[in-house]
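See structure below.
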Amino acid sequence: MSSGSTPAEIKPQEYEFEQMNLQVGGRIQFITHRTMKPIQHFSTLIGWVKDEYMIVKVPFESGAPISVTEGDKLTIRVFSGVNVCSFSAIVQRVFGRPLFYAHLSFPEKIQGTSLRTAMRVKVDIPAQLSCETSGSVSVFLVNLSVSGALIESKRQLESDDAMVGLSFTLIAQPGNRQVLVNTHASIRNINVIKPAAGDKPEVFTYGVQFVNLDPTHYTLLQNLTYEALIADRQKIV
């Protein structure tokens with residue numbers, strides 16, 4: 001493995017515009033090149049006219065719009081399914097207060113990288129796990145993916161292959177909305193962590209696989225992976 005890639009990525013390939021499956025209101029990464037070092041911002045896709053232009057929100061930093069002028073060269077990065085796609089764009093027109101959006105050139109060449117579907121993201125999310133023998137138990141999710149989670153519990157729970165219920169909250173954009181996720185899961189593996197300090201209790205970890213996860217919640221977990229991938233790769237497991 002080279003030092004310039006992660007084990008979750010494979011060689012980039014060219015994509016057609018339709019393959020990105022862009023969604024109006026979707027979050028995108030907006031990278032400016034006005035300084036020696038590219039600067040990353042987040043923006044929202046407003047829409048597009050095929051083969052003519054795209055419309056995006058001007059990113060805000062510290063409550064104010066960033067400086068964007070006509071002719072600026074950008075890199076736009078988007079997450080779609082298990083692909084991260086990027087393309088170059090030029091700012092064609094900027095609309096200031098009160099709209100704060102910009103027209104960008106339509107992408108001519110799109111590069112995409114596929115990710116493994118089960119890429120996991122480090123989290124610290126309180127959850128409720130329900131099972132036949134223990135009833136409802138408070139646990140913590142320590143990593144999440146679109147296919148499952150790793151759970152920590154101070155109590156010993158069910159055995160391998162047991163079906164459990166899992167309930168936790170994710171934050172959805174825009175607006176930082178709280179979305180309650182209720183799903184079934186199957187316990188796939190169990191481990192016991194013995195703390196180095198002898199006076200601390202053991203911690204039980206459970207790897208679970210989601211069963212019939214709601215498509216909306218699947219998309220939220222995809223977005224969680226995307227956020228970590230482009231904003232904080234240290235969270236990728």
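The values are calculated or read from the model by the stated rules, or taken from the named source; none is laboratory data. Since we're looking at a predicted model, the values are computed, not measured. Here the Cβ is made from the backbone with ideal geometry for all residues, glycine too, and neighbour counts use every protein chain on show. Heads up: the accessible areas ignore ligands, DNA and RNA and are worked out on the full protein's heavy atoms, side chains in. Shrake-Rupley method; radii C 1.70, N 1.55, O 1.52, S 1.80 Å.
Using beta carbons and a limit of 9 Å, which pairs, at least six apart or on different chains, have the first residue in segment 190-216 and at pLDDT below 80 and the second one in a strand (DSSP E or B)?
LYS194/VAL203; PRO195/VAL203
Identify, please: which residue in segment 12-64 is among the small types (Gly, Ala, Ser) and part of a loop (DSSP other than H, G, I, E, B) and is, among those, nearest to the chain's Cα centre (by Cα)?
Across segment 12-64, the extreme among qualifying residues is GLY26.
Anything in segment 190-204 that is open to solvent by 80 Å² or more (accessible area, probe 1.4 Å) and part of a strand (DSSP E or B)? List them, or say none.
Within segment 190-204, ASN191 is the sole residue that qualifies.
If I filter segment 132-143 for residues that are surrounded by 13 or more Cβ atoms within 10 Å (Cβ to Cβ) and out of contact with any strand residue (DSSP E or B) (no Cβ under 6 Å at 6 or more places or on another chain), do I get at least one hit?
Scanning segment 132-143, I find at least one residue that is surrounded by 13 or more Cβ atoms within 10 Å (Cβ to Cβ) and out of contact with any strand residue (DSSP E or B) (no Cβ under 6 Å at 6 or more places or on another chain), so the answer is yes.
Consider LEU129 against the criteria (1) among the aliphatic types (A, V, I, L, M); (2) in contact with a helix residue (DSSP H, G or I) (Cβ under 8 Å, 6 or more places away or on another chain); (3) within 18 Å of MET163 (Cα to Cα): it satisfies all of them except one. Which criterion is unmet?
Of everything listed in (1) among the aliphatic types (A, V, I, L, M); (2) in contact with a helix residue (DSSP H, G or I) (Cβ under 8 Å, 6 or more places away or on another chain); (3) within 18 Å of MET163 (Cα to Cα), LEU129 misses just condition (2).
In this structure, is LEU150 touching a strand residue (DSSP E or B) at 6+ places or on another chain (Cβ under 7 Å), surrounded by 14 or more Cβ atoms within 10 Å (Cβ to Cβ) and at pLDDT 85 or above? Explain how you work it out, then say what you get.
Values: touching a strand residue (DSSP E or B) at 6+ places or on another chain (Cβ under 7 Å): yes; surrounded by 14 or more Cβ atoms within 10 Å (Cβ to Cβ): yes; at pLDDT 85 or above: yes.
Yes; evaluated as a whole, the condition is true for this residue.
Of the residues in segment 183-214, how many are hydroxyl-bearing (Ser, Thr, Tyr) and either farther than 18 Å from VAL237 by Cα or touching a helix residue (DSSP H, G or I) at 6+ places or on another chain (Cβ under 7 Å) (or both)?
2
Just name the residue that is farthest from the chain's Cα centre (by Cα) out of those in segment 89-99 that are surrounded by 15 or more Cβ atoms within 10 Å (Cβ to Cβ) and either among the hydrophobic types (A, V, I, L, M, F, W, C) or within 24 Å of GLY63 (Cβ to Cβ) (or both).
Quick first cut of segment 89-99, residues surrounded by 15 or more Cβ atoms within 10 Å (Cβ to Cβ) only: 89, 91-92, 94.
Narrowing further to those that are either among the hydrophobic types (A, V, I, L, M, F, W, C) or within 24 Å of GLY63 (Cβ to Cβ) (or both): 89, 91, 94.
Details: ALA89: 23, VAL91: 26, VAL94: 28 Å.
Once the filter is applied, the top-ranked residue is VAL94.
Would you confirm whether or not segment 72-79 contains a residue that is open to solvent by less than 30 Å² (accessible area, probe 1.4 Å), touching a helix residue (DSSP H, G or I) at 6+ places or on another chain (Cβ under 9 Å) and closer than 30 Å to TYR218 by Cβ?
yes
In segment 100-124, what residues are surrounded by 18 or more Cβ atoms within 10 Å (Cβ to Cβ), at pLDDT below 90 and farther than 14 Å from ARG77 by Cα?
Result: LEU115, MET119, ARG120, VAL121.
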